[in-house]
Each structure stands twice: as structure tokens, then as C-alpha cells.
Amino acid sequence: MATSISGVEAAGKTWLGHPRGLFLLFFAEMWERFSYYGMRAILIFYLTKHFLFGEDRAYLLYGAYTSLVYITPVIGGYLADRFLGPRKAVLVGGVFIAIGHFLIAITEGPGGQDSFFLNGFYLALASIIVGTGFLKANISVLVGELYSRNDPRRDPAFSIFYMGINMGGMLGPIICGLLGELYGWSWGFGAAGVGMLLGLVMFVWLKPWLMGRGEPPAPVQLRTPVAAGLSQEWLIYLGAVLGVVAIWLVIRYAELLGYALIAFAALTVLYIVWRTASTLGKVDRDRMFAALFLIALNPLFWGLFEQTGSSLNIFTDRNVDRNILGWEVPASMFQSVNSFFIIMLAPLFALLWTMLDKRRLEPSSPAKFGVGLILCGVGFLVLVAGAAMAGEDLTPVLFVFLIYLFHTMAELCFSPVGLSAMTRLSVPSMVGLVMGTWFLATAAGNFIAGLIARATGSGDAAGVSQVLDVYSRIGWFSIVVGGLVLLVAPYVKRMMHLDLIATEDKP
Ligand code: GLN
């Protein structure tokens, strides 16, 4: 497994008490997220202002893209568990993602609905979708592999890693948003590609820091030719290229995606339940079901939260007074506010959990999820109240900051907690698949988000009240569901058998 003895020894060094591999993954994921969120910040405007999509179709396509990037990680997770191991999967994923961003940059063309260049754009989206499938779940699995399951540094490691995600999430929209909206779309998308390339270079260069973790489970088998002189590994890569072509063909029929998504999600969950029920003992089985409970809350949370890049982005563009110190701030730049707050608040939340833990009051993962849903709902209600107070005038920008503040607190109760819980609750042989399913549920959330965004209509003056009406309904809904989750949290916690994890040692 290990690269070389001296390499391992050197890599065994720690920084801030954590293996150096954590920081490699921090930066690699930072650059990947830089490219993802940078591109996404200008995507809805690129669709409506450059390719001249109507709002309805633009939201649908946006929803299809942002859900597809989270569907493919199930396949990527499975392939890594069985064949590639997470390290190779992350590497190949980064290559596809970088190619995708550069492809958007070079296929800008003259724009409009009849543009031939739309084909290149769809192909680029398909490449990013496949690449994210290989990368996203597996890079989190790699973080988990640096620690044993009862290592107390595990949760803090995920908090640090989450900071990396959000450093990228903050810088991406600022740089790609500025370049894309003010200088030209290609510049924004090209910058996203450069970011991913930097991440790849670091990932290859600093490989020894991973201390041989995340390698293929059966390396010899992976290299052995199986068909047409191609090894298992190369067959997988060939399959990925075919996957790009398939997605390229279907992405234009975004409507179909919802059904396909539901069918695929149902099959995946059934497969996990079947494997869990037929192969695992009571404790592992309970834990897997607890993981599935947490996963089941994802579609709702992200469905609401992910108004960010679509309806909230357009609301900010049209209905908010974006003048700050005399400068009309481009709407896409507000996409980085959430990540900025994460970076500010994540250490405070880590401190809060530790303080509560000392008093034996730290909420369980399911309880944190309940609180997250409540905070998410409150965020919407605050924006609605602000817009109502402004009446006919543009909504003061303060309320955009406030909704992002509440949503960030919600996210901190939800997302890093969930990532850590997945790697802790899953049995090792299914960890990639379970992490993939976590993102698959996020995909459902993104698709629902697209539908909600369509329901907001967020159009002309009359449309504003429609947006606010939808926001206030989903706000209340989220608060009620969050309350119910808090009620059942103690039962789910019992199924996690945390007392036993302390005595199990698993690298
Ligand atoms: N912002 C986090 C990330 O990009 C979580 C996204 C998600 O799970 N939908 O990784």
C-alpha cells in the first residue's frame, strides 16, 4: 500500500496536529470547489443573457446540471470502493472537470438559442458532471481514510476540510464572477479551469502526503487486461468517456431528469438496504439505517438552501439595492457570501460543539440536522420580512447578508456533520457508495431547488410577491420539519451505537 518507506516517514509528519495529507486534500478540494462555484455563479446569467434561454428553461437546465453533478458520485463512489480506490478516482475526476471548464471557455461563440456552440457547452457540462462523479465523494472518503474511526481528530478534520471547500467557494464567485460579468464569459469559465488545473498539479505533486492511503483494493487485478487488451482501469476510463457522450445527449432533455433521478435514487437505496440487511450484523445494520435517515433529509435541506445560485441570485440581481459604497456590486459576487460566513463561523461552531461536549450537552448528528432545518427556514422568513418592509423600494442588501448568515449556520449544522457521520456510520466496504448516496440525495435537493425556483417565477414587478410568497411557505415548512426531526433525534442517535465505536479500532 505504502509508496516507499522514506516517503511514508516523511509523509507521516503532522501539521496542526493533523496528517499533512489533510492539507493536500484541503487544497485540492479548495481548487475543485473554486472551479465549481465560480462557474456556477455566472451560469444562470450565461444561460439567460448569452444563450438567451427563457427563465423557465434556464432554471430547469441549471437544476439539471447542479443535480447531475451530485448524481454521478454514487457511481464514482462504487467504482472507487470496488476497483480504483479513491485516490485514482479523484485524479481522473479532476482531469475531466478541468477539460469541461476550458471547453466552456472556448465554445462561447456568438450566443443566442440557435448557436451551434450550445453543443460544445453541453459537452462541457457533461465532462464536469462525469469528473465530479469521480472526485466529489471520493475526496471526502480520502479524508476519512487518514484517521481511524475512533480518532478524536476526525470531526475536526472534516471541519478543516470544509473550510477548504469554502475557501474555494468564496474565491471562485469573486474571481470568475468579476471576470465573467465584467470582462467576458470566457474569462470567467477559463479562470475556473485554471483553478482545477492548479488543484490537480498539487494532488499529483504532493501524493506522498497521503501515506499510501486510498489505493485500489486489488491493484494487480486492476492492471490485468480483461477485454480488447484493455485493463479494468482503462475500461473504466473508456466507460467514463462514453458516460460524457451519454450525458451530452440527455442533458438537453432536462425534464426527463426528475423521473430518472427518482428511479436511480430508489434503486440505489434499495441496493444499500439489501446489502445491509443481507450481509451485516445488528450494530452495523443499525448504523447504516441511521446513515440512511440522515441522507433522507438531504433533498429537503438542499432543495431550499440551493435557491442561492438560481432564484436568490436573480432576486438579488433585480430586486436588491446592490449599491455598496457607491459601487453596484455584480449579483454573482454575492454567491461568495455563504462561503465567507462559513470560514468565519466554522471555528466558532467547532468551539461551540467542544464546549457543549464538555458539559455533555453536544447535540447528536440528527439533532443538529433538526436545528439546521429550522435555521434554514428562519433565513427565508427574515428575507421576506425585509422585502416586505422595503415595500415598493428595492430590498436593502442587509437582508441578503442575513439570509446567507442563517443559511450558513444551518449548513454548519448539516453538511460537515453529515460528511463525518457518513464515513463513521458506514461499513468500510460500502463507504464510497454511502458517501455517493449522500450526494445523490443532494442531487435530488438540487433538482427540487430548480422546481422551487421555477415556482418563484422571479420575473417582473408582479413576480416579486410570488417569490416572497414561495419563500415564506418553504420557510415555515422547513421549520416544522426541523421540529419533527428534533423529536425523533434521540431514537436515531441510539441506532448510531456511538458507545461501541469508542472501543472498535478501524484504520
Ligand atoms: N458546499 C458544500 C460543498 O460544495 C456542500 C454542497 C452539498 O453537499 N450540496 O461541498
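Around residue 231, under 14 Å between beta carbons, what's the net of Lys plus Arg minus Asp minus Glu among the other residues?
On the way: positive: 88, 223; negative: 233.
Combined, the nearby Lys, Arg, Asp and Glu give +1.
Residues in segment 306-333 near a label at residue 394, defined as backbone nitrogen under 17 Å from the 7 Å Cα→Cβ point?
312-333
Can you list residues from other chains, or at least 5 along the same chain, whose modelled amide H is less than 5 Å from the amide H of residue 18?
Under 5 Å from the amide H of residue 18: no residue qualifies.
Roll a 1.4 angstrom probe over the protein heavy atoms and tell me the percent of accessible area of segment 291-425 that is carbon or sulfur.
On the way: 3250 of 4840 Å².
Roughly 67 percent of what the probe reaches on segment 291-425 is carbon or sulfur.
Just to be sure I understand the rule: take each whole DSSP H helix in the chain, project its Cα atoms onto its long axis, keep it if the span is 24 Å or more and its mean Kyte-Doolittle hydropathy is at least 1.6. Which ones pass? Provide the component values of the computation, followed by the final result.
Numbers: long enough: 20-45 (39 Å, 0.77); 55-79 (37 Å, 0.53); 85-106 (33 Å, 1.56); 117-145 (42 Å, 1.36); 154-178 (36 Å, 0.90); 185-205 (31 Å, 1.50); 232-250 (27 Å, 1.77); 254-279 (37 Å, 1.35); 337-358 (31 Å, 1.50); 365-390 (38 Å, 1.82); 398-425 (39 Å, 1.40); 431-456 (37 Å, 1.33); 461-495 (51 Å, 1.11).
Span-like helices in the chain: 232-250, 365-390.
So how much slack lies between residue 465 and residue 14, counting 0.36 nm per residue of separation and subtracting their Cα-Cα distance, in nm? Can you show the working numbers first?
Numbers: separation 451, 0.36 × 451 = 162.36 nm, distance 5.39 nm.
My answer for the length gained is 157.0 nm.
For the pairs 136/493; 13/493; 13/136, flag any whose C-alpha to C-alpha distance is greater than 32 Å. Present the calculation step by step, with values, prior to reporting the outcome.
Details: 136/493 27 Å; 13/493 35 Å; 13/136 26 Å.
Result: 13/493 exceed 32 Å.
Once the dipole of the chain is set up with Lys and Arg at +1 and Asp and Glu at -1 on Cβ about the Cα centre, which of 79, 283, 293 lies farthest towards its positive end?
283
Counting other Cβ atoms within 10 Å, keep those with at most 11, restrict to DSSP loop, and tell me which chymotrypsin sites (Phe, Trp or Tyr not before Pro) in segment 258-295 are left.
Details: sites: 259, 264, 271, 274, 289, 293; in loops: none.
Answer in residue order: no site qualifies.
Determine, from the Cβ-Cβ distance of residue 329 and residue 116 and an R0 of 56 Å, the FRET efficiency 1/(1 + (r/R0)^6), rounded to the nearest 0.05.
Working: r = 34 Å, r/R0 = 0.61.
For R0 = 56 Å, the calculated efficiency reads 0.95.
With unit charges on the beta carbon (Lys/Arg positive, Asp/Glu negative), name the residue among 329, 315, 342 whose Cα is farthest towards the positive pole of the charge dipole of segment 271-350.
Highest projection toward the positive end goes to 342.
Would you check the accessible area of residue 81, probe 1.4 Å, heavy atoms only, in square angstrom rounded to 10?
40 Å²
Among 214, 187, 118, whose Cα sits farthest toward the positive end of the charge dipole of segment 88-220 (+1 at Cβ of Lys/Arg, -1 at Cβ of Asp/Glu, about the Cα centre)?
Of the options given, the answer is 214.
Strictly greater than 24 Å: what percent of every Cα pair in segment 38-168 meets that? The partial results should precede the final answer.
On the way: 3316 of 8515 pairs.
Here the tail beyond 24 Å accounts for 39 percent of pairs.
Binning at 10 Å from 0, report for the chain what percent of all alpha-carbon pair distances ends up in each bin.
Computed distribution, short to long bins: 4, 19, 32, 27, 14, 4, 0.
Compute the length gained on full extension between residue 56 and residue 221: take 0.36 nm times their separation in residues and subtract their Cα-Cα distance, giving the result in nm to one decimal.
Details: separation 165, 0.36 × 165 = 59.40 nm, distance 4.84 nm.
Computed gain between residue 56 and residue 221 is 54.6 nm.
For segment 387-423 and segment 67-81, compute the distance between their C-alpha centroids and round to whole Å.
Here the answer is 28 Å between Cα centres.
Hey, if we sort 407, 497 by accessible area with the 1.4 Å probe, largest down, what's the order?
Values: 407 5, 497 35 Å².
My answer, sorted largest first, is 497, 407.
Using Cα-only point scatterers and the Debye equation, what is log10 of I(q)/I(0) for segment 238-328 at each q in 0.19, 0.22 Å⁻¹, rounded to two decimals?
-1.05, -1.12
Report the extension gain between residue 296 and residue 362 in nm, rounded to one decimal, defined as 0.36 nm multiplied by the number of residues separating them, less their alpha carbon distance.
On the way: separation 66, 0.36 × 66 = 23.76 nm, distance 2.24 nm.
Here the answer is 21.5 nm.
May I ask for log10 I(q)/I(0) of segment 202-249 at q = 0.17, 0.22, 0.24 Å⁻¹, from a Debye sum over the Cα atoms as equal point scatterers with solvent left out?
Calculated log10 I(q)/I(0) at the listed q: -0.72, -0.87, -0.89.
The values are calculated or read from the model by the stated rules, or taken from the named source; none is laboratory data. Because the structure is a prediction, the values reported are computed rather than measured. Cβ sites come from the backbone with ideal geometry, for glycine too, and all protein chains shown count toward neighbours. Keep in mind that these areas ignore ligands, DNA and RNA; they rest on the heavy atoms of the full protein, side chains included. Shrake-Rupley method; radii C 1.70, N 1.55, O 1.52, S 1.80 Å.
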